[in-house]
Every structure is written in C-alpha cells, then in structure tokens.
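Here's the structure, in structure tokens; my notes come after.
Bear in mind these aren't lab numbers, they're just calculated from the coordinates by the rules spelled out. Quantities reported herein were computed from a predicted structural model and do not represent experimental measurements. All Cβ positions, glycine included, derive from the backbone under ideal geometry; neighbour counts span all protein chains shown.
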Amino acid sequence: MKSIRTLIKEKPWVGWLLFVATVIVVFLLGLLASEITERRAEAVYVNKPKVEISDYEPRNEVWGANYPKQFQSYMKTRDTSFRSKYNGSAFIDELEEDPRLVILWAGYGFSKEYNQGRGHYYAIKDIREILRTGAPIGERESPMPNTCWTCKSPDVPRVMNEVGVAEFYKGSWEERGHQIVNPIGCADCHNPETMNLRITRPALIEAFQRQGKDVKNASHQEMRTLVCAQCHVEYYFKGEGKYLTFPWDNGTKPEEIEAYYDETGFYDWIHPISKAPMLKAQHPGYEVFTTGIHYDRGVSCADCHMPYHSEGGQKFTNHHMQSPLNNISESCQVCHRQSEEKLLQNVYNKQKSVRETRFKLEDALVKAHIEAGEAWDAGATEKEMKPILTAIRHAQWRWDYAAAGHGNSFHSALELSRTMASGLDAVQEARLLLARILTKYGVEQPVTMPDISTKAKAQEYVGWNMEKLNRQKEKFLEEVVPQWVEKAAQREKEWGVDRL
Ligand code: HEC
Ligand code: HEC
Ligand code: HEC
Ligand code: HEC
C-alpha cells in the first residue's frame, strides 16, 4: 500500500480533495458547537426569571412569563377536541346520556345539570354556567355556599390568606364571585420561590392531621399524587359554617366513609320520591386510586396525567392534564412495552365491565325509589319504611362512590366492582322489604315505571321547570357575571406586574 504522501505526489488532486473534506468537517463541527451553546444559552434564558411572583399570585399568565413551556402546555387544557370511548375533554351531557340519573338525584341540583368534567382551564366558566349554582340576582341567593369555589381557582388560597379559612367558606356562593376568577393554576400546586410542590388546600392537611399524619412528611413521589388529592376527592360541607371536610376519619373505603356519615347523621338531601336521607358522592378519585395496582407500585397521578415531554432539546413536565389515552406513547409506554392498541383495549375492557354492573345497580335504584314512593302513597308507616330508606341510602351511596370518581373504572376496576356488588346487595334487600309492604297495603305488582327515556321526560317527571331555570341562568350570566369580571380586572390592574 502506498503512503498518502506518495499518493499525493502522483495525483495532486487527491491532496486538494483531502483539504476540502477537512475544511467541511471542521465547519460542520463548528456549527454543531455553536448550536449547542445557543441551546444552552436559550435554556438559561428561559429559566431566568423575568417577573417577580408573589406568594399568592393567582394569575397563571404572570407565572407563564417565567415558565413559558409549562404555561403553554397548561393552556392546552383549553382543547376540548379529544374524546375517548367513554371520557375525554369533549362536552358530554351526562343526564342526556343516562336519564336514570335524573331520578336518582331528584330534588337535588345534580338532576338539573351534570356534565362530564373537562380541562382545568374551564373550571371558572363551568361553575358559573352550571344550573346547580343557580342564578343569584338581587335578593335571590345561590343554593350553594362559598365552599363550592374551593377547588376551582388559585384565587382561593389568596383570599383564604386574607380573610381566614373558616370565614372563606361562610356565606352564599355569589358573595365571592368577584374574587374567584382565575382558573385552577400554578399557585394551587407550586411554591413560587422554589417551584417545589405544595399543598394549598387546608381540608387535605386537616384530614391527614386527624389521622395523625403530617402532609409535610410526604415524599416527592407522593406529592406528585397529593397535589391532585387536594381536589379529586370525596368531601362534604360540615355544619352551619359549611366547613370543607374530607370524611376520612374511619378510612377512605366506601363502607368506612358511609359509617362516618351515618354516625354523624349527615345527609345531603331528602329524596322527594322515596323520602330517603341521601348522600351525594363527589369524586373520590384519590381514594379509589389508592386501592389500585399502580398506586401499589408507587406510580403517581402525574406519571400518567403529566408525563415528561421534550421540545427543542428541553425536557419538561407536560401540564396539559387530560385523558392519558390522548398521549399513550408518553403516558403509558414509558413503563409498558405493549402496543397502543393493546393498552387501549386493556383500559376499555375494564371500563366496559364496570359500566355493566353500574347500569344494573342504577336500574334497581330507580325502581327502589319509585316503589318506595308507592309504598308511602299506599299508607306505609315511618317505622316500616325506616330500614328500607337506610338500605336505599347505602345502595345509592355505593353506586355513586363507584360512578362519580372520574377515571376510576381504570384506576381500580376491582374495587369499584366490589363496591357495586355490595350496593346491589343493599338495593335488593330494600326491594324485598318493599315487595312485602306493597303486598300488605294491597298494591298490585310490579309497580308501573314512568317513561324516563329522555332527559326532558325525566326532568318533567321529577318536577323541574327547566325553561324557567335556564331563563334565570341566562339573565344571571348577562347581568351579574360581567360585573364580577369588571371588578376583578380593576383589582388585578392595580397589582400590575413587577418586571425584574
Ligand atoms: C395540579 C398541580 C399543578 C399545577 C396547577 C401546576 N403544576 Fe407545575 N408541576 C406539577 C407537578 C406534579 C410537577 C412535577 C414536579 C416534580 O416531579 O418535581 C410540576 C413541575 C413544574 C415545574 C418544574 C419543571 C418541570 O417541567 O418539571 C415548573 C417550572 C412548573 N411546574 C411550572 C408551572 C406553571 C408555570 C404552572 C401554571 C401555568 C404550573 N406549573 C401549574 C403540578 C402542577
Ligand atoms: C384546585 C383543584 C384541582 C386540582 C389541584 C387538580 N384538579 Fe383536576 N380538575 C379539577 C376540576 C374542578 C376539574 C373539572 C373542570 C371542569 O370541568 O370545568 C378537573 C378536571 C381534571 C381532568 C379532566 C380533564 C379532561 O380534559 O377531561 C383531569 C384529567 C384532571 N383534572 C387531572 C388532575 C391531576 C392529574 C391533578 C394533579 C396533578 C389535578 N387534576 C389537580 C380540580 C382540580
Ligand atoms: C410509571 C410506570 C407506569 C406507567 C406510567 C403506567 N403503568 Fe401500568 N403498570 C405499572 C406497573 C408497575 C404495573 C404492575 C405490573 C406488575 O408489577 O407486574 C402496571 C400494571 C398495569 C396493568 C395490568 C394490571 C391490571 O390491573 O390490569 C395494565 C393494564 C396497565 N398497567 C395499563 C397502563 C396504562 C393503560 C397506562 C397509561 C395510561 C399505564 N399502565 C401507565 C407501571 C406503569
Ligand atoms: C397508570 C396511569 C394513571 C394513573 C397513575 C392515574 N390515572 Fe387517571 N386516568 C388514567 C386513564 C387510562 C384514564 C381513562 C381516560 C379515558 O377513559 O379517556 C384516567 C382518567 C382520569 C380522569 C378522567 C379524565 C377524563 O377524560 O374525563 C381523571 C379526572 C383522572 N384520571 C384523575 C387522576 C388522579 C387524580 C390520579 C391520582 C390520584 C390519577 N388519575 C392517576 C390513567 C391514570
């Protein structure tokens, strides 16, 4: 083999070729180095704070100036286009989908309007627009207390800090309408100085305290679940002051919470048809999640609902909290090697089988309420009805505990099936007793059921004047809400923004 030197002597163009190739390689290396430095500078620039963020800053866009990637991904919770088989961010009118719910919640706000939850961005808009908060104008109050605002906005910790926690909950919902205007956001979960996760809702801290636990001792991984447990939980409004309380003193299983409510004689409303003292489950997301395999293996809510995402060479936590099925590659396949189709099938199979049992229990509950109504009409006594009403209360509580927590038929299908099996037991007992009483009072069986094939028919049957409710709401949205918005804008203008 000839040496390069001899080769170049014989064929000078080879020398030139080598020279040009070297120049090109050096140029490309230089380009790469400059690209890397630029990206680094960009990263430093991105992380350099631009504005001062005070401890109770409720405006997400102010935090967004310092943390644009997280803010931009948070803003994607505005997107309502994704729909999975049963959930997603799209608007779903749950009463229209399943008019039996109107009978189960007759006499209670939920039978006026109940929709599938959507992104955090809509928290304020949705609580103003839902018929459950009523149309407070002039002397007319909202049927709901101020406590209702608690899981909607980072203005909540701000106002709690100003007026005190117990004071915050007191009074009617419209009183704080001008104060609570920014949707769920940064200040709900972050300490602005360190950006560490923090718990801002007293109810969670207090529930832990009553169990002898200190939230401050939670590990980093636990915090990635507990920030969500501030809101995605079962709760109730305790006593005259409507103090927000998590009913966990006996434990978080449905039977344990039920025993807690029974001991204190608490009920949310009296069912107008059966006269049973009812409980409304809120959304025991965290409680049910802790009975599932993922919690057992140390997986957090954020692992699936806020997976890491890379963009422009930067890795950050995706703040577009949504159905993980819209992003399986980043939310599930980080841990699972199965195909997307396989994982989807796993989720849908669980959801489908839980729904099957749920609908059986729902059918039986509708019948139990209406049969109990017949029994009263036929002359049944309080004493005869008491064990029946308790059984209906327990059966519906267990149904609601299983139905209300969003995503739980995936989070822990087994626990929901167990819960609903015990609900089926209770409702069967109620209907057995009812059959005896109805026979005793000479009522022919089976009792005829009303036509509740649509939401409108069911709402008419339970006695709501929907046209009037909707008209009042429209007026409230046109006349009252703009005043709240105006007052809030004035306040925030006075705060300004401190640029660094
Ligand atoms: C519901 C709770 C929640 C809300 C609301 C929230 N975050 Fe986060 N944020 C988290 C979690 C969980 C993490 C991951 C923290 C960890 O594992 O250390 C995180 C991480 C971060 C980080 C650290 C860097 C990263 O990407 O991991 C920044 C910065 C951040 N969030 C900014 C924001 C901003 C800005 C907002 C408002 C637009 C916001 N967050 C709203 C829960 C929240
Ligand atoms: C301050 C209370 C609060 C906190 C904290 C909170 N959420 Fe929510 N979340 C809500 C409310 C309220 C809604 C429903 C908003 C609506 O429908 O207008 C919601 C909706 C959702 C949805 C449905 C979104 C969709 O597109 O269907 C998901 C998923 C979700 N939250 C996950 C989480 C996770 C995960 C955490 C913790 C990292 C968390 N949330 C923390 C109150 C909260
Ligand atoms: C941080 C890791 C992690 C993530 C993210 C994760 N999983 Fe899992 N998953 C696990 C572990 C660990 C188990 C338990 C398996 C074992 O120990 O054999 C499990 C179990 C399962 C199982 C079988 C157990 C059962 O009860 O059926 C299914 C199905 C499953 N995961 C689906 C999903 C889906 C769908 C997603 C995304 C929405 C997901 N997982 C996200 C870690 C994860
Ligand atoms: C292993 C992954 C995983 C973990 C961990 C997890 N989830 Fe989910 N979550 C899911 C899946 C899958 C769904 C079903 C989404 C669907 O049907 O579109 C879901 C649904 C939801 C929904 C309803 C979303 C919608 O589209 O309406 C909410 C709210 C929610 N989860 C909150 C939580 C909270 C709060 C925690 C922690 C206490 C948690 N999740 C932990 C995978 C997970």
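Which links in K242/K386; K213/K242; K112/K275; K50/K170 stretch past 30 Å when you go from one Cα to the other? Can you show the working numbers first?
Details: K242/K386 27 Å; K213/K242 24 Å; K112/K275 19 Å; K50/K170 38 Å.
Beyond 30 Å: K50/K170.
Eigenvalues of the alpha-carbon gyration tensor of segment 189-305, scaled by 5 and square-rooted, set the equivalent ellipsoid semi-axes at 29, 16, 13 angstrom, largest first.
Using per-residue counts of other Cβ atoms within 10 Å, averaged over each peptide, order 387-397, 345-355, 98-108, 327-337 from highest down. It would help to have the intermediate numbers written out before the result.
Working: 387-397: 22.5, 345-355: 16.5, 98-108: 20.7, 327-337: 14.9.
So the peptides 387-397, 345-355, 98-108, 327-337, ranked by packing, come out 387-397, 98-108, 345-355, 327-337.
Output the peptides 58-64, 254-260 sorted from most to least packed, where packing is the average of other Cβ atoms within 10 Å over each peptide's residues.
Working: 58-64: 20.9, 254-260: 18.9.
Packing proxy ranking, top to bottom: 58-64, 254-260.
The HN-Hα couplings worked out from phi for segment 188-201 by the Karplus form 6.51 cos²θ - 1.76 cosθ + 1.60 (θ = phi - 60°) are 5, 10, 10, 7, x, 6, 9, 6, 5, 6, 9, 9, 10, 9 Hz, whole numbers, x standing for Gly and Pro. Between R210 and Q345, how many nm apart are label points set 7 Å from Cα along the C-beta direction? Going by the 7 Å Cα→Cβ label model, 4.6 nm.
Based on Cβ point charges of +1 for Lys and Arg and -1 for Asp and Glu, what charge dipole magnitude is obtained for the chain about its Cα centre, in debye rounded to the nearest 20? Roughly 1800 debye for the chain.
Can you give me the Kirkwood hydrodynamic radius for the chain, using every pair of distinct Cα atoms, in Å to one decimal?
Numbers: mean 1/r = 0.0385 Å⁻¹.
After inverting the mean inverse Cα-Cα distance, the result is 26.0 Å.
Across segment 54-68, computed HN-Hα scalar couplings (Karplus, 6.51 cos²θ - 1.76 cosθ + 1.60, θ = phi - 60°) run 7, 4, 10, 4, x, 7, 4, 5, 5, 4, x, 5, 8, 10, x Hz from first to last residue, x flagging Gly and Pro.
The HN-Hα couplings worked out from phi for segment 226-236 by the Karplus form 6.51 cos²θ - 1.76 cosθ + 1.60 (θ = phi - 60°) are 5, 4, 7, 5, 5, 10, 7, 8, 7, 8, 8 Hz, whole numbers, x standing for Gly and Pro.
Placing pseudo-labels 7 Å out from each Cα toward the beta carbon at E467 and I270 gives an inter-label distance of 3.1 nm.
The convex hull defined by the C-alpha atoms of segment 376-476 has an orientation-averaged projected area of 9.4 nm².
One equal scatterer on each Cα of segment 335-411, no solvent, Debye formula: the resulting log10 I(q)/I(0) at q = 0.12, 0.16 Å⁻¹ is -0.50, -0.70.
Give, in whole angstrom and from largest to smallest, the semi-axes √(5λ) of the equivalent ellipsoid of segment 247-353, with λ running over the eigenvalues of the Cα gyration tensor. Working shown, then result.
On the way: eigenvalues 278, 52, 39 Å².
Largest first, segment 247-353 gives 37, 16, 14 Å.
Comparing H369, I273, V25 along the charge dipole axis of the chain, the residue lying farthest to the positive side is V25, per the Cβ-charge model. Near L244, the amide H atoms lying under 5 Å from its own belong to K238; only residues 5 or more places off or on other chains count, and H is placed 1.01 Å from N.
Amide H to amide H distances under 5 Å link H190 with R198, where only residues 5 or more positions off or on other chains count and H is placed in the peptide plane. In vacuum, with every alpha carbon of segment 285-422 counted as one equal point scatterer, what does the Debye formula give for log10 I(q)/I(0) at q = 0.14, 0.17, 0.18, 0.20 Å⁻¹? Two decimals, please. Log-scaled intensity ratios, in q order: -0.74, -0.94, -1.02, -1.16.
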